[in-house]
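A short worksheet on the structure shown next.
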Amino acid sequence: MAAGAEPAAEQTVTDLEHRQPDAGGGSETTDQPAPPREPAPGEALPGEPARGDFVSGQPPYLTPAPAGRLRGRRRRRKLNPVDRLTAGLPRPWRIAIDWAVTIVGAVLIVLALKQWVVNPYRIPSSSMEPTLHCARPGPGCEAHFSDRVLANRFIYYFRDPHRKEIIVFNTPPKAAEVCGAGGTFVKRLIGLPGDTVHEDGHGFIWINGKKLDEPYIQPQRRAQDTQHFNETWHVPKGEYFFMGDNRGQSCDSREWGAVPRKNIIGEVFFVYWPPNRIGFR
């Protein structure tokens with residue numbers, strides 16, 4: 001009986017490992033995989049990184065590009081035209097060319113500003129004392145240093161000059177003959193195109209029969225201007241009549257005539273030297 005029981009026991013183990021379907025056919029063998037399990041909230045699926053490793057709102061399938069690749073892209077975008085043109089040259093050559101381009105660019109900017117925007121000038125004579133100073137020991141000068149001024153070169157592209165403005169202009173050829181010097185002068189605009197300018201016997205100026213208010217003229221300087229008392233000048237169309245504030249020491253339009261519109265450079269609006277004279281005019 002003991003020998004006859006061994007096949008029955010062996011068959012029992014086989015039945016446990018390979019269970020046959022029951023009569024209804026609904027049973028499965030135990031060697032088939034279990035159905036997939038739903039992950040718990042916040043739990044990553046097998047083979048996926050943990051959900052906490054991603055930035056909030058960023059899909060898990062978007063991964064950042066390597067840092068080296070991003071730096072290369074930024075570097076290519078930041079290259080200026082000079083760097084791109086000189087990329088194949090040795091480094092010393094690239095540095096030298098970069099400096100040369102920088103210096104040339106700065107010079108061009110300064111020249112453009114001087115030509116069309118603002119230009120500096122030095123006051124060389126006493127014709128505009130005491131409004132603008134010249135340096136002693138020049139005749140009639142009152143200061144240790146000459147005023148250095150800035151002239152607005154573009155303002156007269158948008159409007160006409162106004163009476164009493166201090167203006168830089170190029171003198172007519174006759175100025176060099178009469179005054180002994182020509183070129184660029186700084187004077188105050190007194191007569192506009194078509195005006196009649198008259199200086200009475202006390203040095204006061206009349207424009208078209210009306211007395212001109214000139215608080216910038218000191219009485220003693222007006223009294224010194226006896227050479228042009230009781231004279232009258234007519235300003236042609238398209239021209240301007242200039243006079244200095246120091247009437248007795250000014251060689252101006254009373255001597256060499258009116259100035260064409262094309263000769264006007266700009267309006268003096270600022271004194272930038274010496275330090276104690278800095279300010280708008």
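The values are calculated or read from the model by the stated rules, or taken from the named source; none is laboratory data. Not measured: the values here are computed from a predicted model. Reconstructed Cβ throughout: ideal geometry from the backbone, glycine too, with neighbour counts over all protein chains shown.
Within segment 176-209, restricting attention to residues that are of a type in the set (A, V, I, L, M) and under 17 Å from P236 (Cα atoms), which residue is surrounded by the most Cβ atoms within 10 Å (Cβ to Cβ)? Give the derivation first.
Step one: of segment 176-209, the residues of a type in the set (A, V, I, L, M) are 176, 178, 181, 186, 189-190, 192, 197, 205, 207.
Checking which are under 17 Å from P236 (Cα atoms) leaves us with 189-190, 192, 197, 207.
Working: L189: 21, I190: 24, L192: 18, V197: 22, I207: 17.
Step by step, filter segment 176-209, then rank; the result is I190.
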For this session: Mind counting the residues in segment 193-221 that are part of a loop (DSSP other than H, G, I, E, B), over 43 Å from the mean Cα position of the chain (by Cα) and farther than 17 Å from H162 by Cβ?
Result: 6
For this session: Output the number of residues of segment 141-192 satisfying the condition of being part of a helix (DSSP H, G or I) and within 19 Å of V271 (Cα to Cα).
Result: 1
Exercise. What residue, among those in segment 139-159 that are surrounded by fewer than 17 Cβ atoms within 10 Å (Cβ to Cβ) and free of Cβ contacts under 8 Å to residues at least 60 places away in the same chain, is farthest from the chain's Cα centre (by Cα)?
Worked result: E142
Seminar exercise, completed: For segment 200-229, pairs from a residue that is under 10 Å from N246 (Cα atoms) to a residue that is hydrophobic (A, V, I, L, M, F, W, C) and at pLDDT 95 or above, with Cβ under 9 Å and 6 or more apart or across chains, are I217/F204; I217/I205; R222/F204
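How about segment 216-249: which of its residues are of a type in the set (D, E, K, R) and touching an Asp or Glu at 6+ places or on another chain (Cβ under 9 Å)? Lay out the reasoning, then the answer.
Filtering segment 216-249 down to residues of a type in the set (D, E, K, R) leaves 221-222, 225, 231, 237, 239, 245, 247.
Within segment 216-249, R221, R222, D225, E231, D245, R247 qualify.
For (1) closer than 15 Å to I166 by Cα; (2) acidic (D, E); (3) surrounded by fewer than 17 Cβ atoms within 10 Å (Cβ to Cβ), each residue gets a yes or a no:
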{"residue": "A223", "(1), (2), (3)": "no, no, yes"}
{"residue": "E231", "(1), (2), (3)": "no, yes, yes"}
{"residue": "E239", "(1), (2), (3)": "no, yes, no"}
{"residue": "Q249", "(1), (2), (3)": "no, no, no"}
